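Visitor: My structure is below; once you've seen it, I'll send some questions.
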């Protein structure tokens, strides 16, 4: 399930670079001639619209897509056409930015109820009893 992109998330065009590369996959002989895959690079250092908390979340979400220089690299080669791959790369960038913009809901500390603790201990006791019964007769 992908999150809805909030209207307030613009892509900073100054931080985006697109490189076109030869794609793997379907395309026949055409795949050797046409650079239909898109490698979108988004420089987090030049992205003015990201606040520090969103930037940290984006770094965590990006994982291996983020290089040492702080550049997010998204490669799109799902489609045969360059234009559809450009749209796919931009959509994936927007989705990442949207996920990073959403602050996680803070966890409220809770304690297990008495009933749930009793159920857990009863289940542990029953499981231990089953295992105990599996043992062979005790050797003297």
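The values are calculated or read from the model by the stated rules, or taken from the named source; none is laboratory data. In this text, all values refer to a predicted model and were calculated from it rather than measured experimentally. Note that each Cβ is placed from the backbone with ideal geometry, even for glycine, and that neighbours are counted across all protein chains shown.
Visitor: Determine if the range 114-124 includes at least one residue that is over 29 Å from residue 60 (Cβ atoms) and either assigned to a loop (DSSP other than H, G, I, E, B) or at pLDDT below 95 (or both). Break it down stepwise before answering.
Guide: From the range 114-124, those over 29 Å from residue 60 (Cβ atoms) are 114-124; that's our starting set.
Narrowing the set further to residues that are either assigned to a loop (DSSP other than H, G, I, E, B) or at pLDDT below 95 (or both) leaves none.
Within the range 114-124 (the criterion being over 29 Å from residue 60 (Cβ atoms) and either assigned to a loop (DSSP other than H, G, I, E, B) or at pLDDT below 95 (or both)), the answer is no, since none of the residues qualifies.
Visitor: Confirm whether residue 94 is outside any loop (DSSP other than H, G, I, E, B), modelled with pLDDT of 85 or more, surrounded by fewer than 18 Cβ atoms within 10 Å (Cβ to Cβ) and in contact with a helix residue (DSSP H, G or I) (Cβ under 6 Å, 6 or more places away or on another chain). First the steps, then the outcome.
Guide: Numbers: outside any loop (DSSP other than H, G, I, E, B): yes; modelled with pLDDT of 85 or more: yes; surrounded by fewer than 18 Cβ atoms within 10 Å (Cβ to Cβ): yes; in contact with a helix residue (DSSP H, G or I) (Cβ under 6 Å, 6 or more places away or on another chain): no.
Taking the combined requirement at face value, the residue does not satisfy it.
Visitor: Do we have any residue at all in the range 53-73 that's under 27 Å from residue 34 (Cβ atoms) and surrounded by 19 or more Cβ atoms within 10 Å (Cβ to Cβ)?
Guide: The answer is yes; a qualifying residue exists.
Visitor: Something else: When both residues are 6+ apart or on different chains and their Cβ atoms are under 9 Å apart, which pairs have a first residue that lies in the range 42-56 and is in a loop (DSSP other than H, G, I, E, B), and a second that is surrounded by fewer than 12 Cβ atoms within 10 Å (Cβ to Cβ)?
Guide: That search, which allows pairs on different chains as well, returns 45/69; 46/14; 47/14; 48/14; 49/8; 49/10.
Visitor: Of the residues in the range 74-89, how many are surrounded by 13 or more Cβ atoms within 10 Å (Cβ to Cβ) and assigned to a helix (DSSP H, G or I)?
Guide: Number of matching residues: 7.
Visitor: May I pose another question? Can you tell me which of (1) surrounded by fewer than 18 Cβ atoms within 10 Å (Cβ to Cβ); (2) over 19 Å from the mean Cα position of the chain (by Cα) is the one residue 38 doesn't meet?
Guide: For residue 38, the failing item is (1).
Visitor: If you take the residues in the range 57-97 that are in contact (Cβ under 8 Å) with a residue 60 or more places away in the chain and farther than 23 Å from residue 24 by Cα, which one is farthest from the chain's Cα centre (by Cα)? Break it down stepwise before answering.
Guide: Residues of the range 57-97 in contact (Cβ under 8 Å) with a residue 60 or more places away in the chain: 82, 85-86, 89-90, 93-95, 97.
Keeping just the survivors that are farther than 23 Å from residue 24 by Cα gives 94-95, 97.
Details: 94: 12, 95: 9, 97: 11 Å.
Ranking the candidates gives 94 first.
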